[in-house]
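The values are calculated or read from the model by the stated rules, or taken from the named source; none is laboratory data. Bear in mind the structure is a predicted one, so any value in this text is a computation, not a measurement. Positions of Cβ are backbone-derived with ideal geometry, glycine not excepted, and every protein chain shown enters the neighbour counts.
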Amino acid sequence: MTTYIFRRLLTVIPTLLGVLLAVFLMVRLAPGDPAQLLAGEFATPEALAEIRKRFGLDQAWHVQLGLYLANVVQGDLGESVRTRKPVSYELATYFPNTLRLTLGAMLVALLVGIPAGIIAALRPGTIFDLLAMLGALIGVSMPVFWFGLMAILIFAVGLGWFPVAGTGSLWHLVLPAITLSTGTTAILARMTRSAMLEVLSQDYIRTARAKGLPGRVVVFKHALRNALIPVVTVAGLQFGTLLEGAVITETVFAWPGIGQLLVGSILARDYPVVQGAVLLIAVAFILINLVVDLLYGAIDPRIRYE
Amino acid sequence: MRTKLLALLALVLALPIALGQGRTLIIAQGTDPTTLDAPLATDSPSATVVNHVVETLFEYTPDGKIQPLLVERYSFSSDRKTLTLYLRKGIKFHDGTDFNAEAVKFNLERLISQELASAFAFLLRGRVTAFEVVDSHTLRLRMPEPFAPVLAHLTHSSTGIQSPTAIRRLGVGYRDNPVGTGPYKFDRWQKGQFVELVRNEDYWGRKPAIERLRFLAVPEAATRMALVETGQAHVAVRVPPQDVQRLNARPEIEVVTTPSVRTIFFYFNQSKKPFDDIRVRKAINHAINKEEIVKFVLGGFGRVSDAPISPGIFGYTKVGSYEYNPNLARQLLAQAGYTAQNPLRITIHSPNGRYLQDIRVTEAVQSQLRAVGVQAQIQTLEWGAYLAATNQPRERNEIQMAMLGWGTVTGDADYGLYGLFHSSQQAPNGFNRGFYANPRLDRVLEQARVATNPQARQQLYRTAMQIIYNDVPWVFLHSEQQVTAIRREVQGFVVHPTERLIASGASFRTSAER
């Protein structure tokens with residue numbers, strides 16, 4: 001298993017290199033100039049030249065890329081053009097907030113989505129099933145933006161139960177986490193339902209029932225555990241999507257996460273921050289995938305890592 | 001265990017409530033400041049925060065006057081090439097060091113230095129070439145030639161005087177720990193969330209009534225409005241026009257409108273067809289109903305431009321506005337050779353989301369132009385790409401007509417006219433992006449720059465604006481108004497025409513006053 005993890009980690013290097021190269025080129029291919037955006041619509045050419053020089057943007061692409069890679073290897077992600085602070089400092093400031101929001105949303109999704117899927121699968125065609133699947137349909141199709149604003153309007157402005165925006169306490173996390181979780185909750189509910197339905201029709205479930213096991217044991221030990229593999233895969237992928245997809249939720253709730261940082265940096269063509277943030281998200285995504293792969297073994301002992 | 005948990009939960013719940021009360025004024029801005037180092041702050045949210053901590057030598061008052069702030073008095077030499085500043089005595093920076101001539105010299109030299117690469121270096125670079133310390137509180141600024149707007153430029157937030165000791169000691173860290181002489185001291189900055197300032201108990205001027213200021217970063221307008229509605233913020237900027245009525249209906253909130261020095265216009269690219277023909281430029285101006293745009297598209301939150309700069313700026317005089325006259329527009333177009341059989345086809349470039357209702361304004365213009373037979377296509381680009389496209393040199397510039405906005409933030413017409421209309425400032429060297437040139441105007445603008453007498457300058461700018469008006473380099477649209485929601489328990493809060501917020505004079509009303 002250790003060798004497996006080690007080998008997996010080795011394959012990360014070319015992936016990250018590819019990610020870096022792609023994002024490096026993409027930000028530079030997009031029209032727009034970081035110096036111009038920093039200095040405003042009416043900056044003097046002299047000021048622009050100075051800013052470009054200050055951040056090495058006046059050099060040829062390949063030179064910039066070489067310098068950048070050399071610095072990254074040494075752990076230096078560069079300096080933000082906008083704030084003139086180290087990129088690593090910016091990421092360390094914003095990423096923990098995103099992580100908290102994502103974990104909160106994932107928790108909501110798991111606690112709501114999986115039970116809803118199980119109930120729907122156990123009572124197919126009933127009103128439970130119908131309600132759960134209708135809820136899932138609404139959850140996937142509803143714009144997060146609208147849901148977030150409605151949540152603020154009802155629960156913060158109208159009822160006054162939660163703060164409107166910002167961070168600070170666990171209480172601040174509730175509305176954004178629920179808002180962010182809607183899509184994932186819905187997907188997990190549908191996934192769990194279909195996986196459960198498939199497993200429940202298997203012979204070994206009939207056998208388990210026939211030998212007189214209590215329903216609880218059949219559902220949770222025999223059925224759910226087997227149904228979890230695809231659910232865990234999807235949950236892992238969703239976790240990655242939540243990490244990068246939190247930007248709308250972050251904007252609505254003034255939540256200072258990596259999504260806001262990334263969008264702000266893209267709009268300002270703050271190349272070093274965009275590169276650093278994408279790199280960080282890529283690393284997080286890869287690690288989550290690794291964890292998911294390792295989880296398979298825990299769920300299904302037949303799976304072995306070689 | 002359970003009681004402990006409950007107590008903890010209660011504490012967590014009470015926290016936001018406790019933070020919202022007390023003696024803190026909470027202001028919801030659109031974005032987090034990017035930096036708090038005065039010469040590097042280029043956006044209004046940054047400048048707003050910086051201005052409470054760091055003061056400038058002169059101030060541009062909300063009613064449009066330029067007056068001494070950190071300077072007690074000043075004098076110009078007879079040839080106007082030397083400005084002597086007599087600084088106020090007995091002022092200390094927040095770190096306890098002295099505010100003196102050396103500190104001013106340090107800051108102004110830093111602003112124009114190459115290694116800082118400030119976008120605002122041009123305010124003084126090349127115009128003031130030497131800073132001489134005469135004694136501890138007297139400083140001489142030497143200029144190679146008279147530069148009349150120098151006092152106006154010294155009101156700009158980038159020329160703020162910060163503690164040299166703190167700048168040297170903190171290095172890069174200074175950018176999020178500013179030290180000035182202002183009424184508020186920097187306390188903390190939770191990145192992406194808020195900046196908090198605390199009252200400077202040793203302030204040399206009138207001490208503020210409110211102990212703490214908190215500037216929240218809330219990008220989504222609806223969320224800002226919800227904050228002010230629930231009382232979780234006292235002030236929210238940029239109220240969307242459609243929310244004004246609803247907020248005004250609430251007894252605890254007042255929606256305040258303040259004119260901005262930002263002028264919105266379309267410029268014509270005069271270097272190519274069809275806008276090299278003045279008849280076409282005039283026709284477009286006559287075809288656009290600016291009053292209707294302000295009334296219906298901006299919800300009344302604007303002022304139809306009657307000059308290239310807005311009132312409240314030194315040098316402003318009303319020069320008029322091209323009246324809405326579609327018939328005249330059609331005649332002018334016909335004279336220029338455009339008829340129903342051979343209609344004028346143009347592309348209008350417009351930003352989307354940069355200025356108040358920008359794309360809606362462009363769409364209104366498009367439909368008004370259609371009424372006089374002009375077929376206009378709208379092209380929008382993301383802001384970064386937009387700036388790049390409008391700043392191309394003449395040969396590669398594809399723009400025909402494009403919307404831009406300009407804020408004369410120094411309060412002096414030179415800043416609003418020279419860079420935009422002088423022929424030496426054609427893109428990409430300057431801000432004259434329509435390649436407009438008139439030698440007579442160039443001379444007038446140059447004279448106004450070096451003229452010593454304010455009345456003479458005023459007269460020169462009147463002439464300059466008349467020339468500009470006659471040459472029609474722009475569609476003169478409107479100046480924006482800033483719409484701010486303020487809770488009624490707050491009084492004395494100022495929204496400055498340069499789009500900064502000033503809370504130093506604000507106070508909470510007692511319940512009896514409300």
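Apart from one condition, A:Pro124 fits all of (1) away from every other protein chain (no Cβ under 14 Å); (2) assigned to a helix (DSSP H, G or I); (3) in contact with a Leu (Cβ under 7 Å, 6 or more places away or on another chain); the exception is (2).
Can you pull out the helices (runs of 4 or more DSSP H) entirely within region B:347-429 that have at least 1 residues that are of a type in the set (Gly, Ala, Ser), within 13 Å of chain A (Cβ to nearest Cβ) and more than 24 Å from B:Ala464 (Cα to Cα)? Lay out the reasoning, then the answer.
Working: elements: B:358-371, B:383-390, B:413-421.
Qualifying helices (runs of 4 or more DSSP H): B:383-390.
Test A:Ala109 against the stated conditions and say whether it is among the aliphatic types (A, V, I, L, M), crowded, with 21+ Cβ neighbours inside 10 Å and over 22 Å from B:Leu36 (Cα atoms). For A:Ala109, the condition - among the aliphatic types (A, V, I, L, M), crowded, with 21+ Cβ neighbours inside 10 Å and over 22 Å from B:Leu36 (Cα atoms) - is met.
Residues checked against (1) under 23 Å from the mean Cα position of the chain (by Cα); (2) touching a residue at least 24 places away in the same chain (Cβ under 8 Å):
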| site | (1), (2) |
| --- | --- |
| A:Val140 | yes, yes |
| A:Val144 | yes, yes |
| A:Ile152 | yes, yes |
| A:Val157 | no, no |
| A:Leu170 | yes, no |
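If I filter region A:134-151 for residues that are within 12 Å of chain B (Cβ to nearest Cβ), part of a helix (DSSP H, G or I), aromatic (Phe, Trp, Tyr) and surrounded by fewer than 15 Cβ atoms within 10 Å (Cβ to Cβ), do I get at least one hit? Looking for residues that are within 12 Å of chain B (Cβ to nearest Cβ), part of a helix (DSSP H, G or I), aromatic (Phe, Trp, Tyr) and surrounded by fewer than 15 Cβ atoms within 10 Å (Cβ to Cβ), one finds at least one in region A:134-151, hence yes. From the list A:Pro96, A:Pro45, the one residue that fits, being modelled with pLDDT under 85 and not β-branched (Val, Ile, Thr), is A:Pro45. Within this structure, A:Leu130 passes the test of being within 26 Å of A:Ser194 (Cβ to Cβ) and either in a helix (DSSP H, G or I) or more than 9 Å from every other protein chain (Cβ to nearest Cβ) (or both).
Table: residues versus (1) touching a strand residue (DSSP E or B) at 6+ places or on another chain (Cβ under 7 Å); (2) more than 14 Å from every other protein chain (Cβ to nearest Cβ); (3) of a type in the set (D, E, K, R); (4) part of a loop (DSSP other than H, G, I, E, B).
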{"position": "B:Thr31", "(1), (2), (3), (4)": "yes, no, no, yes"}
{"position": "B:Ser46", "(1), (2), (3), (4)": "no, no, no, no"}
{"position": "B:Val49", "(1), (2), (3), (4)": "yes, no, no, no"}
{"position": "B:Pro62", "(1), (2), (3), (4)": "yes, yes, no, yes"}
{"position": "B:Tyr74", "(1), (2), (3), (4)": "yes, yes, no, no"}
{"position": "B:His94", "(1), (2), (3), (4)": "yes, yes, no, yes"}
{"position": "B:Ala103", "(1), (2), (3), (4)": "yes, yes, no, no"}
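Working only within region B:140-163, note down all residues that are assigned to a helix (DSSP H, G or I) and either among the β-branched types (Val, Ile, Thr) or not assigned by TED's automatic domain parsing to the domain that holds B:Arg110 (or both).
Initially, region B:140-163 is screened for residues assigned to a helix (DSSP H, G or I), giving B:150-153, B:157-159.
B:Val150, B:Thr159 - these are the residues of region B:140-163 that are assigned to a helix (DSSP H, G or I) and either among the β-branched types (Val, Ile, Thr) or not assigned by TED's automatic domain parsing to the domain that holds B:Arg110 (or both).
With respect to the conditions (1) closer than 25 Å to B:Ser118 by Cα; (2) away from chain B (no Cβ under 14 Å), A:Val87 lacks only one, and its number is (2). Just one of the numbered conditions (1) touching a Leu at 6+ places or on another chain (Cβ under 7 Å); (2) more than 14 Å from chain B (Cβ to nearest Cβ); (3) closer than 20 Å to A:Val108 by Cβ is not true of A:Pro176: (2).
Of all the numbered requirements in (1) away from chain B (no Cβ under 14 Å); (2) in contact with a helix residue (DSSP H, G or I) (Cβ under 6 Å, 6 or more places away or on another chain); (3) not charged (D, E, K, R), A:Ala70 misses one, and that requirement is (2).
Restricting B:Arg250, B:Arg246 to residues that are out of contact with any Cys (no Cβ under 8 Å at 6 or more places or on another chain), more than 30 Å from B:Val475 (Cβ to Cβ), part of a helix (DSSP H, G or I) and free of Cβ contacts under 8 Å to residues at least 40 places away in the same chain narrows the list to B:Arg246. The number of residues in region B:329-346 being assigned to a helix (DSSP H, G or I), among the polar types (S, T, N, Q) and out of contact with any helix residue (DSSP H, G or I) (no Cβ under 7 Å at 6 or more places or on another chain) comes to 1. The single condition among (1) out of contact with any His (no Cβ under 7 Å at 6 or more places or on another chain); (2) crowded, with 20+ Cβ neighbours inside 10 Å; (3) not acidic (Asp, Glu); (4) not assigned by TED's automatic domain parsing to the domain that holds B:Ser77 that B:Leu197 does not satisfy is (1). If the condition is being closer than 30 Å to B:Pro439 by Cβ, of a type in the set (S, T, N, Q) and crowded, with 20+ Cβ neighbours inside 10 Å, then region B:465-510 contributes only B:Ser479.
Checked against the criterion of being farther than 18 Å from B:Leu420 by Cβ and surrounded by 17 or more Cβ atoms within 10 Å (Cβ to Cβ), the candidates B:Ala307, B:Ala329 yield just one match: B:Ala329. Mind checking which residues of region B:430-440 are away from every other protein chain (no Cβ under 14 Å) and under 25 Å from the mean Cα position of the chain (by Cα)? Residues satisfying the conditions are B:Phe435, B:Tyr436.
Scanning region A:1-16 for residues being free of Cβ contacts under 8 Å to residues at least 40 places away in the same chain and among the aliphatic types (A, V, I, L, M) gives a total of 2. Residues considered: A:Leu213, A:Leu243. Of these, the only one that is under 27 Å from A:Val164 (Cβ atoms), away from chain B (no Cβ under 14 Å) and among the hydrophobic types (A, V, I, L, M, F, W, C) is A:Leu243. Quick one: how many residues across region B:109-135 are in contact (Cβ under 8 Å) with a residue 60 or more places away in the chain, more than 11 Å from chain A (Cβ to nearest Cβ) and not basic (Lys, Arg)? The number of residues fulfilling the criteria is 1.
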